[in-house]
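Trainee: Dropping a structure here in structure tokens format, bear with me for questions.
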Amino acid sequence: MRWALFLGSLAVALLIGVWALQVPGARGTDTPAADFSAVRAMADVRVIGARPHPVGSADHARVQSWLFGRMAAQGLNPALQAGALSPEAIERLRRWGGDPAAAGNMAVNIVGVLPGRDPSAPAVLLMAHYDSAWNSPGAADDGAGVAAILEAVRAIKARGPADRSLVVVFTDSEELNLDGARIFFSEHPLRDRIGAVVNLEARGGGGRAFMFETGRGNAETIDLFSRAARRADGGASSSSLSIFVYENMPNGTDFTISRNRGIAGVNFAFIGRPSQYHSPTATPDNLDQGAVQHIGSQALEATDALLRADALPVPGRNVVYGDYLGLFTIVHSLDLGWTLLALTAALGAFAAWGARHATGLTAADVGRGMLSGLWVVAMGIVVAHGVRVLAGPMSSRAESADVYYTLLRRLPWMEAGTGLAMAAVALALLAGRQAFGSKLLAGVIIVAVAAAQILGGLDPVVLGAGVVALGLTVWSQSAPRTVWGGWLGLIALIFVFGLMAQAAAPEAALIFIWPGLLAALAAAACALTGARLESPRSLIPAVVATVVGGAWILNLSHQVFLGVGMDLPGVLALMTVLVLLFLVPLAPRSKGRLGAAAAACLILACGLSLTARFAEPAPAPAADGPT
Ligand SMILES: [Zn+2]
């Protein structure tokens with residue numbers, strides 16, 4: 001029965017989590033005129049993405065004149081805006097083998113306007129770049145964004161006139177150095193009329209489109225966006241956590257330019273099918289039309305809401321928010337995090353009181369449970385890196401762009417391998433570390449750390465995690481002796497992480513606070529209904545929490561791995577603790593079988609990761625590869 005509860009709730013959580021990763025279906029040409037149709041947009045994608053069209057190429061001129069004609073036909077009254085290419089852009093184009101002189105050393109934006117009824121009202125800008133990377137047809141990056149904008153403009157016109165004007169800018173030279181956006185926002189006469197920006201991007205050929213960047217002080221933007229996204233096909237995928245993570249990464253898009261000027265807005269991108277990123281395989285036929293539907297439908301609804309809003313969002317407070325599986329979005333103030341933490345503490349204390357009453361739980365065992373949670377984090381980081389490097393070097397050590405693109409093609413193998421490795425660590429915790437003996441575990445840690453340092457380069461985080469994992473492994477006091485000790489210890493650990501995150505970066509704290517609250521609620525309910533945790537009935541709260549919370553975490557894990565997993569696979573260690581937060585009380589008592597399953601998962605994880613090298617072999621070294 002325990003096995004059924006354990007495997008059953010985990011399987012349901014996984015199914016729901018994966019189901020929620022699906023893109024909406026592409027809507028056909030019979031879609032009502034006021035709605036977005038990816039099939040209609042694909043007609044433009046097929047023209048734009050027929051061949052690579054980097055700056056200075058004949059196909060660049062072909063795409064430019066095609067878009068000019070399409071905008072004129074839509075009544076946008078287009079005009080070209082040329083500005084000098086930056087030295088960085090010229091340098092990069094030369095490295096690609098292109099000729100800046102063929103472009104007259106210029107980046108050329110195409111700017112159109114759909115006038116609103118009130119010419120004095122701040123305008124809304126829809127933006128995507130029409131240049132492609134070298135050698136890539138760019139059907140996804142950013143042909144999909146450009147085509148989606150043309151389709152969205154058609155739908156907005158079908159909805160009738162708005163008060164605000166809509167400015168459409170197809171920027172140039174984004175791939176070289178964001179030149180087009182910089183030229184628009186520093187030189188174009190319309191630049192001071194822009195009150196909000198909607199930008200469309202792609203870093204891959206499919207998957208759900210994330211809204212991953214807003215202006216500063218985003219409470220009003222999020223309020224408007226989350227209401228608009230309810231009307232979009234497939235709902236929204238967005239959270240203040242992803243915005244916080246992206247803000248702290250070096251990457252930039254055209255949106256960076258407007259954001260730095262203090263303009264509100266939303267930035268969308270899809271990042272699935274990563275092998276198509278800047279790749280010759282990014283053709284119209286390989287593009288995920290569901291991704292076009294998702295990004296286009298959200299861009300349409302967000303833009304339409306901005307055009308018809310009484311007032312555009314102005315910078316104010318930041319808020320905490322996140323979608324639940326694309327179904328709905330939870331929004332709350334930064335300060336509410338403290339209240340939720342207090343609630344978690346109260347629920348956890350109630351559960352501890354019930355467990356002490358029924359089973360004689362001691363504070364020391366909760367302390368040991370906290371240490372075992374730390375063990376999972378440290379062990380997870382070590383094993384994730386050890387398994388990940390079997391699939392190839394870290395991207396910072398890729399000696400050419402070709403190697404980097406090979407790594408992107410290997411990403412699904414890396415994800416499968418790292419994911420299974422995390423399952424191994426979780427099962428090892430549930431089996432109890434004595435099931436293996438500390439010598440065997442220490443051996444695994446040493447081999448994984450050595451592999452990560454030798455194949456992946458010196459990494460102080462992995463080294464540090466290795467030391468912590470080793471210390472906790474050999475220290476017998478770090479393993480809890482009761483189920484309640486292990487469970488409440490994990491809840492206490494995540495509570496502490498939540499406190500630290502709330503103090504340092506409250507926008508990101510939801511990743512600890514929300515799951516911690518759910519787990520504490522489940523623990524309190526279990527303590528109330530059957531604190532001995534023996535009858536299946538008394539475990540129902542844990543089953544519900546595993547399904548509801550586990551589905552969210554597993555879904556998020558995939559997004560996180562697509563975003564940063566190649567170089568930071570250890571983030572999955574945190575996700576592993578969060579799933580265990582719900583799962584611990586459901587663990588079967590047969591330690592031997594859990595241990596065997598852990599060993600099998602780890603062996604399979606290594607096998608999958610290694611297979612990447614054969615399934616996606618590295619290219620022959622080129623003399624001077626494009627970057
Ligand atoms: Zn792009």
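Trainee: May I ask for the angle, rounded to the nearest 10°, between helix 336-359 and the longest principal axis of the chain, with both axes built from Cα atoms and the value confined to 0 to 90°?
Mentor: 20 degrees
Trainee: Another question, then. So if I take the centroid of the Cα atoms in the range 288-321 and the same for the range 201-217, what is the distance between those two points in Å?
Mentor: Using only Cα atoms to place each centre, the spacing works out to 11 Å.
Trainee: Right, another one. Specify the angular offset, from 0 to 90 degrees and rounded to the nearest 10, of the alpha carbon long axis of helix 38-48 from the longest principal axis of the alpha carbons in the chain.
Mentor: 60 degrees
Trainee: Still on this structure: Taking a temperature of 20 °C and a viscosity of 1.002 mPa s, what whole-number D in µm²/s does Stokes-Einstein yield for the chain with Rh from Kirkwood over alpha carbon pairs? The partial results should precede the final answer.
Mentor: Values: Rh = 25.7 Å.
It diffuses with D of about 83 µm²/s by this estimate.
Trainee: Moving on to the next point. Could you give the angle, 0 to 90 degrees to the nearest 10, between helix 87-96's Cα long axis and the longest principal axis of the Cα atoms of the chain?
Mentor: Relative to the chain, helix 87-96 is tipped by roughly 80 degrees.
Trainee: Along the range 317-334, what does the Karplus equation 6.51 cos²θ - 1.76 cosθ + 1.60 (θ = phi - 60°) give for ³J(HN,Hα), rounded to whole Hz, x for Gly and Pro?
Mentor: Rounded to whole hertz, the list is 7, 8, 10, 8, 7, x, 8, 9, 6, x, 7, 8, 10, 9, 10, 8, 6, 4.
Trainee: Please compute the modelled spin-label separation between E91 and M249, points set 7 Å along Cα→Cβ, answer in nm with one decimal.
Mentor: Distance between the two pseudo-spin positions: 2.4 nm.
Trainee: Let me ask something additional. Using amide H atoms built 1.01 Å from N in the peptide plane, name the residues 5+ places from G265, or on other chains, whose amide H lies under 5 Å from its own.
Mentor: V197, G215
Trainee: So who's got an amide H within less than 5 Å of the one on L361, skipping anything under 5 residues away but keeping other chains? H placed 1.01 Å off N, in plane.
Mentor: Sorted by chain and number, the residues that satisfy this are R356.
Trainee: Along the range 546-554, what does the Karplus equation 6.51 cos²θ - 1.76 cosθ + 1.60 (θ = phi - 60°) give for ³J(HN,Hα), rounded to whole Hz, x for Gly and Pro?
Mentor: Result, ordered by residue: 5, 5, 5, x, x, 4, 5, 5, 5 Hz.
Trainee: Moving to a separate point now. Give me the 1.4 Å probe accessible area per residue for the chain, excluding ligands and nucleic acids, in Å². Show your work: numbers first, answer last.
Mentor: On the way: 23650 Å² over 627 residues.
For the chain, the per-residue accessible area is 38 Å².
Trainee: Tell me which residues come under 5 Å, amide H to amide H, from W134 once H is placed; ignore anything under 5 positions away on its chain.
Mentor: none
Trainee: Quick one: dipole size for the chain, taken about the Cα centre, charges +1 on Lys/Arg Cβ and -1 on Asp/Glu Cβ, in debye to the nearest 20.
Mentor: Values: 44 positive and 43 negative charges, 398 e Å.
Using only the charged Cβ atoms, the result is roughly 1920 debye.
The values are calculated or read from the model by the stated rules, or taken from the named source; none is laboratory data. Every value quoted in this text rests on a predicted model; they were computed, and no experiment measured them. FYI the Cβ positions are ideal-geometry reconstructions off the backbone, even for glycines, and counts take in every protein chain you see. What goes into the accessible areas is simple: the full protein's heavy atoms, side chains included, and nothing from ligands, DNA or RNA. Shrake-Rupley method; radii C 1.70, N 1.55, O 1.52, S 1.80 Å.
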